[in-house]
């Protein structure tokens, strides 16, 4: 299954398709990017992969757990430890 990639780029959020360096879409807010990625993934039977700014993996959403208002964590920086990331605390 191929993936829709959501990642921060500077002060914006971008969507890329797995295997392509080309930016598919640009958004001001993470939530907007995740919403758009969800629509793309549903239409094309893809999963959503969220990366940190440094390119490391943050999380993967499969089709049975796409992001919603209840389960969308805020992506934190590369220096945050794993427990802080999972709990959403600072």
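Annotations
- Förster radius 25 Å - calculated FRET efficiency between residue 53 and residue 18, Cβ distance, rounded to 0.05: 0.85
- Using 0.36 nm per residue and subtracting the Cα-Cα separation, the extra length available between residue 62 and residue 28 on full extension is 9.9 nm.
- Peptides 32-42, 48-58, 17-27, 2-12 ranked from most to least packed by the mean count of surrounding Cβ atoms within 10 Å: 32-42, 2-12, 48-58, 17-27.
- Over all pairs of different C-alpha atoms in region 2-59, the reciprocal of the mean inverse distance, the Kirkwood hydrodynamic radius, equals 11.0 Å.
We did not get these values from a lab; they are worked out from the coordinates using the rules stated. What you see is a predicted model, and the numbers here were worked out from it, not measured in a lab. Every residue, glycine as well, gets a Cβ built from its backbone with ideal geometry; the counts of neighbours run over all protein chains shown.
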